[in-house]
Amino acid sequence: MDEQDLDTAALRSPTPGDGPDVNEPAVASPCVLVCLYDKGLDACRGCYRTLDEIAHWSIYTPDEQRAVLAQVAERRSNLGRLTAD
């Protein structure tokens, strides 16, 4: 492969599975800048994400981020039920 081949390869469109679709809208992070880890909840009290979810947020695909947001909503809802009892 010569130098021109390398330049052409770098310019070609990514194939499916090469990573997140850059044309897909970004998913906003649930971070609220209140970082307080709760061992009982096994999540942050500010954003309700686990440490793994926080650490991997920036490399998750938008679909994975939306799945985390669904888990966040469930944790927040469950916590509300626990504290209301």
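Modelled with pLDDT under 95 and either β-branched (Val, Ile, Thr) or open to solvent by less than 80 Å² (accessible area, probe 1.4 Å) (or both): does that describe ALA9? Here the answer is yes, as ALA9 does meet what is asked. The one condition from (1) over 14 Å from the mean Cα position of the chain (by Cα); (2) surrounded by 11 or more Cβ atoms within 10 Å (Cβ to Cβ) that VAL72 does not meet is (1).
A Cβ distance below 7 Å, combined with a sequence gap of six or more or placement on separate chains, defines the contacts here; from the range 54-70, residues that are over 12 Å from CYS31 (Cα atoms) reach residues that are loosely packed, with under 13 Cβ neighbours inside 10 Å and of a type outside the set (A, V, I, L, M, F, W, C) in the pairs PRO62/GLU24.
This table checks each residue for (1) at pLDDT 90 or above; (2) open to solvent by less than 90 Å² (accessible area, probe 1.4 Å); (3) in contact with a Leu (Cβ under 7 Å, 6 or more places away or on another chain); (4) not in a helix (DSSP H, G or I).
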residue	(1), (2), (3), (4)
ASP5	no, yes, no, no
VAL22	no, no, no, yes
CYS35	yes, no, no, yes
GLY46	yes, yes, yes, yes
ILE54	yes, yes, no, no
TRP57	yes, yes, no, no
ASP63	yes, no, no, no
VAL68	yes, yes, no, no
ASN78	no, yes, no, no
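The values are calculated or read from the model by the stated rules, or taken from the named source; none is laboratory data. Note that the coordinates shown come from a computational prediction; the quantities given were computed from them, not determined experimentally. Every residue, glycine among them, receives a Cβ derived from its backbone with ideal geometry; neighbour counts consider all protein chains shown. These accessible areas exclude ligands, DNA and RNA; they are computed on the full protein's heavy atoms, side chains included. Shrake-Rupley method; radii C 1.70, N 1.55, O 1.52, S 1.80 Å.
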